[in-house]
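Chemist: Supplied in structure tokens, the structure appears directly below.
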Amino acid sequence: MRVPDLWNPQLTKMLGDLNRQFGSDVFIAVNADRMHMDIVMNPGSYGFVTSKIACCGQGPYNGIGLCTIFSNVCSNRDAYVFWDAYHPTERANRIIVSHFMTGSSEYMYPMNLSTILKLDAQNQY
């Protein structure tokens with residue numbers, strides 16, 4: 001079992017307890033790991049060609065080291081989930097951020113940022 005699989009449910013429970021204690025949804029849990037893994041495991045459903053090869057790097061799958069002047073560089077970074085061995089591409093990061101804004105409770109609990117902003121706007125004087 002992966003650490004986030006143990007950590008995230010406990011974090012969500014703790015934040016729910018804190019929100020009940022304060023009587024308001026002050027704390028929000030973000031499951032960025034799940035967002036990221038959904039893209040990695042199903043790249044085609046997000047419009048990517050692959051999540052197994054980085055756009056820029058060295059060695060097998062461009063998975064060794066960071067992007068340098070000695071790296072192999074892909075021709076279309078929007079087709080790749082990973083920029084280098086460690087970092088998502090800009091397009092993958094934009095998808096993750098869109099989940100922060102409008103994602104379901106499987107990614108954001110108890111609500112996403114759009115809901116928070118809407119509630120905050122309603123409470124303005």
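The values are calculated or read from the model by the stated rules, or taken from the named source; none is laboratory data. Since we're looking at a predicted model, the values are computed, not measured. All Cβ positions, glycine included, derive from the backbone under ideal geometry; neighbour counts span all protein chains shown.
Chemist: Mind listing whichever residues of the range 41-72 are closer than 12 Å to residue 95 by Cα and either among the aromatic types (Phe, Trp, Tyr) or surrounded by 14 or more Cβ atoms within 10 Å (Cβ to Cβ) (or both)?
Modeler: Selection gives 43, 46, 48.
Chemist: Which residue, of 45, 75, is of a type in the set (Gly, Ala, Ser) and in a helix (DSSP H, G or I)? Working first, answer last.
Modeler: Details: 75 fails: in a helix (DSSP H, G or I).
When all the criteria are applied, what remains is 45.
Chemist: Determine if the range 27-35 includes at least one residue that is without any contact (Cβ under 8 Å) to a residue 60 or more places away in the chain and closer than 29 Å to residue 9 by Cα. Full working, then the answer.
Modeler: Residues of the range 27-35 that are without any contact (Cβ under 8 Å) to a residue 60 or more places away in the chain, as a first pass: 27, 33.
Narrowing further to those that are closer than 29 Å to residue 9 by Cα: 27, 33.
So far as the range 27-35 goes, yes, one or more of its residues are without any contact (Cβ under 8 Å) to a residue 60 or more places away in the chain and closer than 29 Å to residue 9 by Cα.
Chemist: While we're here: If a residue has to be assigned to a helix (DSSP H, G or I), of a type outside the set (Phe, Trp, Tyr) and under 13 Å from the mean Cα position of the chain (by Cα) to count, how many in the range 78-106 make the cut? Full working, then the answer.
Modeler: Residues of the range 78-106 that are assigned to a helix (DSSP H, G or I), as a first pass: 78-79, 90-102.
Then keep just the ones that are of a type outside the set (Phe, Trp, Tyr); that gives 78-79, 90-99, 101-102.
This time we only want the ones that are under 13 Å from the mean Cα position of the chain (by Cα), so: 90-99, 101-102.
Residues in the range 78-106 being assigned to a helix (DSSP H, G or I), of a type outside the set (Phe, Trp, Tyr) and under 13 Å from the mean Cα position of the chain (by Cα): 12 in total.
Chemist: Please pick out the residue among 54, 79, 32 that is among the aliphatic types (A, V, I, L, M) and at pLDDT below 95.
Modeler: Details: 54 fails: at pLDDT below 95; 79 fails: at pLDDT below 95.
32 is the lone residue from the list that is among the aliphatic types (A, V, I, L, M) and at pLDDT below 95.
Chemist: Considering only residues of the range 17-40 that are in contact with a strand residue (DSSP E or B) (Cβ under 8 Å, 6 or more places away or on another chain) and within 23 Å of residue 117 (Cα to Cα), which is surrounded by the most Cβ atoms within 10 Å (Cβ to Cβ)?
Modeler: 31
Chemist: Of a type in the set (Val, Ile, Thr), assigned to a helix (DSSP H, G or I) and over 17 Å from residue 94 (Cβ atoms): does that describe residue 12? Walk me through it before giving the result.
Modeler: Details: of a type in the set (Val, Ile, Thr): yes; assigned to a helix (DSSP H, G or I): yes; over 17 Å from residue 94 (Cβ atoms): yes.
Considered against the rule, which asks whether it is of a type in the set (Val, Ile, Thr), assigned to a helix (DSSP H, G or I) and over 17 Å from residue 94 (Cβ atoms), residue 12 comes out as yes.
Chemist: May I ask you to say which residue of 76, 31, 62 is within 30 Å of residue 111 (Cβ to Cβ) and of a type in the set (S, T, N, Q)?
Modeler: Working: 76 fails: within 30 Å of residue 111 (Cβ to Cβ); 62 fails: within 30 Å of residue 111 (Cβ to Cβ).
After ruling out the rest, the residue left standing is 31.
Chemist: From the list 116, 96, which residue is under 30 Å from residue 10 (Cα atoms) and touching a Pro at 6+ places or on another chain (Cβ under 9 Å)? Walk me through how you get there before you give the answer.
Modeler: Details: 116 fails: touching a Pro at 6+ places or on another chain (Cβ under 9 Å).
One residue alone meets the criteria, 96.
Chemist: Only one residue in 53, 39 is touching a residue at least 12 places away in the same chain (Cβ under 8 Å), farther than 20 Å from residue 101 by Cα and aliphatic (A, V, I, L, M), so which one is that? Reasoning before the result, please.
Modeler: Working: 39 fails: farther than 20 Å from residue 101 by Cα.
Checking each option against the conditions leaves just 53.
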